[in-house]
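Readers should treat all values here as calculations from the given coordinates under stated rules, not as data from a laboratory. Quantities reported herein were computed from a predicted structural model and do not represent experimental measurements. In this analysis, Cβ positions are derived from the backbone assuming ideal geometry, glycine residues included, and neighbour counts consider all displayed protein chains.
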Amino acid sequence: MSAAAFIILYGLSYGLVLCLIALGLVITMGLMRVINLAHGAFAALGGYLAITLIQRAAIPYAVAVPVAVLSVAAFGVLAERLVYRRLYARSQLDQVLVTIGLNLVAVALLSMLFGPNLIPLEPPPALRGNLDLGFREIEVYRAFAAGVCLAVIAALWWVFERTSTGARLRAAVDNQGMAQAMGLNVPVLFSATFALGCGLAALGGILAAPMLPMEPMWPLKYLVLVLVVVALAGHARVAASVAVAVLVGIVETGGRYLFPQYGGFVIYLLLIVLMVMWPNGLLAPRVERA
Amino acid sequence: MTALPANSILSRHRWNAGELVWLVCALGCFFTFPEYLALGTAVLVMVLLVLSYDLLLGFSGVLSLGHAVYFGLGAFTAGWLSLAGWKDPVLDALLAAAASGLAAALLGPFLLRLTGLPLLMVTLALCVLVFEAAHLATPITGGDDGLSGVQFAPVLGLFDWGLGGRTSYLYSLAWLTLVYVLLKRVVASPFGVILQGIRENPKRMRLMGNRVLPHLTISYSIGGALAGLAGALFTEANAFVGLGVLSLETSIDVLVMLVLGGVGTLSGALIGAPVYMVLKHFASQWSPFYWMLVIGPLLIAVVLFGRGGLLGSARTIVARWRRAQP
Amino acid sequence: MSQTPALEARGLSKKFGALHVTRDVSLTLAAGARTALIGPNGAGKTTLINLLTGVLRADAGELRLLGEDLTRTDSALRTRKGLVRTFQISSLFTPLSVFENIFVAVAQAAGRAFSIWRPAARERQLLERTEALVVQLKLQADMHRAVGEIAYGRQRLVEIAIALALDPKVLLLDEPAAGIPSTELDLLHSAMHGLPEDIAVLMIEHDMHMVRSFASQVAVLVDGSLLMCGEPRAVMSHPQVQAVYLGTSGQQRFERRLAHA
């Protein structure tokens, strides 16, 4: 019982943070149809920036986090204008290659600026310690991180599914030309959306930093898991991504807890099996073929 | 019957001057750069690996990030055979190729039903999975330390290893030439032509009566086998094999090398691998991450601004220069 | 003694969720048939072609090709058995040349798809057959140009060349004239009239001139079901067909046309 509670609680908080990062990618991939393998780099950038602000500039946590998130979002706009804009019309292979190139540059720069070691982010004093839930204790920070993720995800869901902005965004996804003809400023929309995606990644990276310490290889190391969530969620929306991310978080945590030696495999095996059986994502209908 | 143009896909069996020049130069390097033969052998092994990948990506349209699995399987197979007492290098290379080819033939029918991002994901996951499994299986892979003490008998009973890399260089070059000849025939055959049709428009090929999956599986198996061969050569040249051969980094390296040189021409591998390896070798001497700063922007530039990799860009520049001539 | 029909479809049905796209369609094509399939947009003509070729699996019904039951087979097998289609929007190998495009079809149909050692350029028979088709469709001028770069009308001819290369017994043409400027239609017309006499042809077409000059039988598809099938003049002048397909003003125009024909 206690093991199950641990797996579920930790898996849930892990999954929710992953979900936040993955949602940023689902949004950019869904809207702009660009495979962005460098998404993890924006998350890592957020984490490193927050660490720098807090540890080297002694800026309080509550201020550093929004500043870091907005900075990365702004940087995302720059990246979109300079590089990503050229990728929209390109083949998937080209997108993969360019974003791998960006990743390489990011990893190199991060290692040159911050060195090769793991740098954890200490949670602020208010968020340290444990929370007693009755059947199980959980670190306050994890509960906080999970709460923030849930709040942001709920806000996203509401905007996308329930507001006219969301409807316009979805229209732009389905038919760019038509959306443009109806007065939507598509280039601005894309820049804004990409910024949102990067901001979400950065926030996710910052929230993850105490649990998954920052290192130069961070963008590549967690890329696989984020892509797993995105690929399994398919073209579906917010709710699906949450479900899949939580599933991934729980499977990852459970695998490592129950089978310390082999636990890391479970998620990859699961992914391979699931993707071969449902290439269009878990919740999309199976492709019909006679 | 009118003649076929030289750049037709039906003319790929013909050798062009560049390919012949490359082979001659590669042989020439043996005499002119005796102190760089170890690097040279590493380059030749990579060229072979990239060629095998071109068959997949360039000619079949299969974008895989798991090619290191077959390279590594071949490398370790050669190592295990040597430790088990089977030390003939040629035999070990053939058996390693067979093992990798068989693995590819078994996995192919499942993996190749996917395309695009799902295929990328699954091959990526496969690569990481195999790497982690190998890492755990320390008794048979040597774990972080790798397999050492891997020795091979002299090539053809005559040429001893370990003479400053002289034997391994010529040995690798011989295999490379053989494989290149083989691949030229494969891509220029009706099988190869139809494979390229599958790459361009698999839906249409189905409605021409082609089941697609058998062709892709055969191509994948050949690619896997050749990657295994490259792996065996790696082990034979280094008398050592470590986990790096199975890493995701290797899979990405192969992709980048091919793209740099030019995808889908076979000769792209002849350019991309040496350029990448040499750049990486010299840039690494500054700092371990410096080469990423060089290769990253180069890759981005080649993809965004150059058509067809360095080779394609070179061709375009030459063509433009010719047209500008009065 | 009746000959086995080239194509016999019985009771084909297909639903997408609540949308009943194909309703109990039965269609027979005799060898040498020249049948046009007409109907308003959204009637389900392309879906029917997809069901016949096996790209979509029918919810109900059967399909026989020259008497052989192909209901449960995939599209690749149906094509190998001689059920060939062309596409409304050209689906070719864009960067490859016209010659190479047709060669792929020729090589596939000749069973040389797994010949892996001999260079394709030495396959004399395949090359000759490819060139013959190029000549037949009058594509010599563009023979070695990339298919993506030639005139659209010529691309449609490459579609037909590929279809012929596959040795069809039954040929399904999905709007062969679609997108061809009127100046280039002659080539298509002569290609159509040059089709071998023993193959059965089903043509989806909106161009009435094509229908009248080409079809010996007209089938009308409305809302997923076959309204009627018969001799062109009888079908086209049937009031129900006119009302559904041509609308009332169209009906009047058609009557005036008939009076002049």
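List of remarks:
- Dipole magnitude for the range C:7-214: about 460 debye, using +1 per Lys or Arg Cβ and -1 per Asp or Glu Cβ, origin at the Cα centre.
- Label point at B:ARG166 placed 7 Å out along Cα→Cβ; residues across the range B:35-77 whose backbone nitrogen lies under 17 Å: B:35-41
- Considering only beta bridges that DSSP places wholly inside the protein assembly as shown, some 60 percent are antiparallel.
- Taking Lys and Arg as +1 and Asp and Glu as -1, the other residues whose beta-carbon sits under 13 Å from that of C:GLY82 total +3.
- The mean count of C-beta atoms from other chains within 10 Å of the C-beta of residues in C:87-97, rounded to a whole number, is 4.
- Choice from B:ALA104, B:ALA93, B:ALA174 with maximal GNM fluctuation in chain B (Cα, 10 Å cutoff): B:ALA174
- Average beta carbon contacts from partner chains per residue of A:57-65, 10 Å cutoff: 0
- For C:LYS15, a cut-off of 18 angstrom between C-alpha atoms picks up these aspartates and glutamates, skipping any fewer than 8 places away in its own chain: A:GLU288, C:ASP24, C:ASP59, C:GLU62, C:ASP223.
- For the pair the range C:29-65 and the range A:1-80, the centres of their Cα atoms are 52 angstrom apart.
- Shielding by partners, peptide B:296-303 (average Cβ within 10 angstrom, other chains): 6
- A:GLU80, A:GLU137, B:GLU200, B:GLU236 arranged by Cβ crowding within 10 Å, fewest neighbours leading: A:GLU137, B:GLU200, A:GLU80, B:GLU236
- Helix-only arithmetic for chain A: the sum of -39500 (n - 2.57) across DSSP H runs with n ≥ 4, divided by the residue total, places the mean residue ellipticity at 222 nm at -23500 deg cm²/dmol.
- Rounded, prolate or oblate (a/c below 1.5 giving rounded, otherwise prolate when a/b exceeds b/c) for the range B:15-246 by Cα gyration tensor: oblate
- Most positive-pole-ward Cα, C:LEU12, A:LEU269, B:VAL303, against dipole of the protein assembly as shown from beta carbon charges: C:LEU12
- Judged by the ratio a/c of the largest to the smallest principal axis of the C-alpha gyration tensor, the range B:48-94 counts as prolate, that ratio being 1.5 or greater while a/b is larger than b/c.
- Listed by chain and number, the aspartates and glutamates whose C-alpha is less than 15 Å from the C-alpha of B:LYS184, apart from same-chain residues fewer than 8 away, are B:GLU19, B:ASP54.
- By DSSP, the beta bridges lying fully in chain C are antiparallel in about 55 percent of cases.
- Descending by average beta-carbon neighbour count within 10 Å, the peptides A:259-269, B:202-212 line up as B:202-212, A:259-269, the highest first.
- Packing order of peptides C:15-28, C:197-210, highest average first: C:197-210, C:15-28 (average count of other Cβ atoms within 10 Å over each peptide's residues).
- Net charge of neighbours whose Cβ lies under 14 Å from the Cβ of B:VAL150, counting Lys and Arg as +1 and Asp and Glu as -1: -3
- Distance from the Cα centroid of the range B:1-53 to that of the range C:141-183 is 38 Å (rounded to whole angstrom).
- Helical segments meeting 24 Å axial Cα length and Kyte-Doolittle 1.6 threshold in chain B (DSSP H): B:37-60, B:89-111, B:116-136
- Span-like helix ranges in chain A, DSSP H, alpha carbon extent 27 angstrom or more, Kyte mean at least 0.5: A:2-32, A:61-82, A:92-114, A:140-162, A:186-208, A:238-258
- Anisotropy class of the protein assembly as shown from Cα gyration tensor, a/c 1.5 cut: oblate
- Legend: calculated FRET efficiency, B:ARG323 to A:PHE259, from the Cβ-Cβ distance at R0 = 56 Å, rounded to 0.05, equals 0.30.
- Rg/Rh ratio calculated on Cα atoms of the range C:7-214 (Kirkwood radius): 0.97
- Among C:LEU63, C:LEU77, C:LEU172, residue whose mean-square fluctuation peaks in a GNM of chain C (springs only between Cα atoms under 10 Å): C:LEU77
- For chain A, built as a Gaussian network whose Cα springs stay under 10 Å, the top-fluctuating residue of A:THR253, A:THR165, A:THR52: A:THR165
- Charge dipole of the protein assembly as shown about the Cα centre (unit charges at C-beta), most positive-ward option of A:VAL26, C:SER90, B:LEU120: C:SER90
- Cβ-defined net charge surrounding C:ALA9, 9 Å radius [Lys, Arg +1; Asp, Glu -1]: 0
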